[in-house]
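The values are calculated or read from the model by the stated rules, or taken from the named source; none is laboratory data. Model, not experiment: these values are computed from the prediction. All Cβ positions, glycine included, derive from the backbone under ideal geometry; neighbour counts span all protein chains shown.
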Amino acid sequence: MSLKKFVVIPLIIAVLAFTIQIVDQLLSPLMQPIPNSGFCWIAFQAWAVYFFAGANLKGGLQAILGYAVGIVAAILLIEFAGVISMLGFFAVPAAVAVVACCLIFFEKAPWWLSLIPAMFIGAGAFFAFMTYIPGATYVNAAITEIVYCAIGLTYGFVTIVLRAAYEKRVK
């Protein structure tokens, strides 16, 4: 495909990035905790996850389930770090080690529960939310993360559909 024809693909991505930010600006005032600065960063992560999950619906399902497992793992990690707080400085690192070790066993789980990178990204996004969003709770962090994950995965799917349609048209 020539550069002249290829330039439409980055423009499609630009329009999608423009609209995902609009969706965030419309949706974030409805998401807890309020006030917030928006959560588009979660959607952009999930958009990228869609591609390394195979850029198909099966991978999208794996990704959202991976995010959910990551959220649960992050909650368990936070709670476990509290239980072993007597370790002081080493409480969180020890909890991270235990939970990370356990997550790797999901590699041997059925296909729909084996996307380890999505689990780690889901857990990382949850930690970021809990750390940097004032008033965050487990419930509002989990709901917001899953909603924005679904938005990002949808944008990944739409990217593939639009790109395939355009490439078919210019062939």
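Some notes on this structure:
- Meets criteria (farther than 19 Å from Gln21 by Cα, in contact with a helix residue (DSSP H, G or I) (Cβ under 7 Å, 6 or more places away or on another chain) and not acidic (Asp, Glu)) for Phe157: no
- Tally, over the range 98-112, of residues that are under 23 Å from Ala142 (Cβ atoms) and free of Cβ contacts under 8 Å to residues at least 24 places away in the same chain: 7
- Considering (1) over 30 Å from Phe6 (Cα atoms); (2) surrounded by fewer than 16 Cβ atoms within 10 Å (Cβ to Cβ), the lone condition that Ala125 does not fulfil carries the number (2).
- Count of the range 57-77 residues which are free of Cβ contacts under 8 Å to residues at least 60 places away in the same chain and surrounded by 14 or more Cβ atoms within 10 Å (Cβ to Cβ): 12
- Test: Ser37 is in a helix (DSSP H, G or I) and hydroxyl-bearing (Ser, Thr, Tyr): no
- Hits in the range 1-25 (condition: outside any helix (DSSP H, G or I) and either among the aliphatic types (A, V, I, L, M) or surrounded by 13 or more Cβ atoms within 10 Å (Cβ to Cβ) (or both)): Met1, Val7
- Ala95 meets the conditions (1) within 24 Å of Val147 (Cβ to Cβ); (2) of a type in the set (A, V, I, L, M, F, W, C); (3) surrounded by 14 or more Cβ atoms within 10 Å (Cβ to Cβ) in every case but one. The failed one is (1).
- Pair list, Cβ < 7 Å and 6+ apart or interchain, from the range 156-171 residues that are more than 17 Å from Lys4 (Cα to Cα) to residues that are surrounded by 15 or more Cβ atoms within 10 Å (Cβ to Cβ) and hydroxyl-bearing (Ser, Thr, Tyr): Gly156/Tyr50; Phe157/Tyr50
- Checking every residue in the range 55-76 against the condition of being under 25 Å from Pro110 (Cβ atoms) and polar (S, T, N, Q) gives at least one match.
- When Phe52 is tested against (1) of a type in the set (A, V, I, L, M, F, W, C); (2) closer than 19 Å to Gly156 by Cβ; (3) within 17 Å of the chain's Cα centre (by Cα); (4) modelled with pLDDT of 95 or more, only condition (4) is not met.
- Considering only residues in the range 32-49 that are at pLDDT below 95 and under 14 Å from Ile143 (Cβ atoms), the one that is surrounded by the most Cβ atoms within 10 Å (Cβ to Cβ) turns out to be Asn36.
- Filter pass, Thr131 being within 17 Å of Ala48 (Cα to Cα), free of Cβ contacts under 8 Å to residues at least 12 places away in the same chain and not aromatic (Phe, Trp, Tyr): no
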